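Asker: Following this message is one structure expressed as structure tokens.
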Amino acid sequence: MSIQERKKDHVDLCVNEDVNYSGSAGFEQYQFRHNALPELNLEDISTETSLLGRSFSFPLFLSSMTGGYTDAGQINAQIARFCEKNNLPFGVGSQRALLDHPEEINSFSVVRNEAPTAFIAANIGGAQIAGGLTDDQLEVLIESIQADAIIVHLNPLQELVQPEGDRAFRGIESGIRKLVIDADLPIIVKETGAGITGEVARRLLAAGVSVIDVAGSGGTSWAKVENLRKADRTETDFLNDWGMPTTKCLEEVALLREEFRFELISSGGLRTASDIMKSFALGANFTAMAGPVIRALVNGGEDELQKFLNRLKEQLKQICLLLGRRAPAQCSHRDLIKK
Ligand SMILES: Cc1cc2nc3c(=O)[nH]c(=O)nc-3n(C[C@H](O)[C@H](O)[C@H](O)COP(=O)(O)O)c2cc1C
């Protein structure tokens, strides 16, 4: 199967099938500490939040998803227009397809045409940078979208379940270290839903990474997605629920703030405004979503995505008010009670 067909399958399966982990991301284990005397008006509350020195209207990164085949260009264009209009950051899907098939450049470059001022992140897999990218390859990743940052995704689980996936994972850590030196842009490292633990994050931060996006378990299960593509999945479906829940990753990685300066994105199974606010209370300073974004977009277009964002915005403001916080970034562990 070609890489283009695989990418199309991924979107179709994430929209039409139940590909969520059976276990949760863990947000239900916490409840907010109600503030009966907030001394704020609803209009005092702002959802504006910064990441990597840029200010955004709402703390939501639209996670890396697609590119590399014709229809992906349309999805990327819609996401780009939406993010330009709403001042939100987003990432394109893996640009491996672009390195292998330069003719697919339009499905990526369209994002800069549609979003001339938005914050856009490039995306490449850890396995692709294990041996180090050449200068030319790095230039293609960055220049095709005039990237503001580079995301490296770590996905050994997905690769193992994918029949045509990579089996070699040595050298990724040194590849990341080299990328930090070679690229003149901040490096974000994310998982794709199985989570980044405290120990892995410490190695990444020691390598010079600026942002960790934990992308933990509880949302889209990439083992499930890949198993659905296989005729015989009996050998690998035991991995469908493999992963570290997002809340557990946040608890571990946030502790590294004592040792390193970095920013922390919470993602993997975030679906509601409560999940966003609980992420802040657990130490994140931004959040991200993939599954809900692609489903809203494919099922209802940009209007549906706008409604989804508007609802999240209103609800996040109400939660801020009930905690007595003017902005999500003011929220802390004191605002949560573990049930
Ligand atoms: C259709 C689809 C395609 C994806 N493709 C990529 C990709 O190319 N690169 C990447 O880093 N992550 C990719 N992801 C993973 C997401 O960025 C995210 O980490 C993961 O889905 C967990 O978030 P969620 O539970 O909100 O979906 C993809 C997700 C979806 C739904």
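The values are calculated or read from the model by the stated rules, or taken from the named source; none is laboratory data. For clarity, every value in this text was computed on a predicted model and none was experimentally measured. Counting neighbours? That spans all protein chains shown, and the Cβs are built from the backbone with ideal geometry, glycine included. We work out accessible area using only protein heavy atoms, side chains counted, and drop any ligands, DNA or RNA first. Shrake-Rupley method; radii C 1.70, N 1.55, O 1.52, S 1.80 Å.
Asker: Take the residues in segment 51-69 that are in contact with an Asp or Glu (Cβ under 8 Å, 6 or more places away or on another chain) and modelled with pLDDT under 95; name whichever of them is most open to solvent (accessible area, probe 1.4 Å).
Answerer: If we take residues in segment 51-69 being in contact with an Asp or Glu (Cβ under 8 Å, 6 or more places away or on another chain) and modelled with pLDDT under 95, then Tyr69 is most open to solvent (accessible area, probe 1.4 Å).
Asker: For segment 187-206, which positions are within 16 Å of the ligand (Cβ to nearest atom) and under 25 Å from Glu258 (Cα atoms)?
Answerer: Of everything in segment 187-206, those that are within 16 Å of the ligand (Cβ to nearest atom) and under 25 Å from Glu258 (Cα atoms) turn out to be Ile187, Ile188, Val189, Lys190, Glu191, Ala194, Gly195, Ile196, Thr197, Val200, Ala201, Leu204.
Asker: Only one of these is without any contact (Cβ under 8 Å) to a residue 24 or more places away in the chain, more than 12 Å from the ligand (Cβ to nearest atom) and within 22 Å of Asp9 (Cβ to Cβ): Asp241, Asp237. Name it.
Answerer: Every option except Asp237 fails the conditions.
Asker: Could I ask something else about it? Given Glu103, Glu43, Glu48, Glu28, which one is within 29 Å of Leu228 (Cβ to Cβ), more than 16 Å from the ligand (Cβ to nearest atom) and either of a type in the set (Phe, Trp, Tyr) or open to solvent by 40 Å² or more (accessible area, probe 1.4 Å) (or both)?
Answerer: One residue alone meets the criteria, Glu103.
Asker: Moving on. Name the residues in segment 269-302 that are in contact with a strand residue (DSSP E or B) (Cβ under 7 Å, 6 or more places away or on another chain) and more than 17 Å from Val214 (Cα to Cα), would you?
Answerer: Hit for segment 269-302 is Val293, nothing else.
Asker: A further question follows. Restricting attention to segment 59-85, which residues are in contact (Cβ under 8 Å) with a residue 12 or more places away in the chain, polar (S, T, N, Q), farther than 16 Å from Asp148 by Cβ and part of a helix (DSSP H, G or I)?
Answerer: Result: Thr70, Gln78.
Asker: Of (1) in contact with an Asp or Glu (Cβ under 8 Å, 6 or more places away or on another chain); (2) within 16 Å of the ligand (Cβ to nearest atom), Ala118 satisfies all except one. Which?
Answerer: (2)
Asker: From the residues in segment 194-230 that are touching a residue at least 60 places away in the same chain (Cβ under 8 Å) and assigned to a strand (DSSP E or B), which one is surrounded by the fewest Cβ atoms within 10 Å (Cβ to Cβ)?
Answerer: By that ranking, first place goes to Val211.
Asker: When segment 301-325 is examined, which residues are found to be under 18 Å from Ala80 (Cβ atoms) and open to solvent by 10 Å² or more (accessible area, probe 1.4 Å)?
Answerer: Residues satisfying the conditions are Gly301, Glu302, Asp303, Glu304, Gln306, Phe308.
Asker: On to the next question. What residue, of Ala254, Ala329, Ala281, is aliphatic (A, V, I, L, M) and open to solvent by 60 Å² or more (accessible area, probe 1.4 Å)?
Answerer: The conditions single out Ala329.
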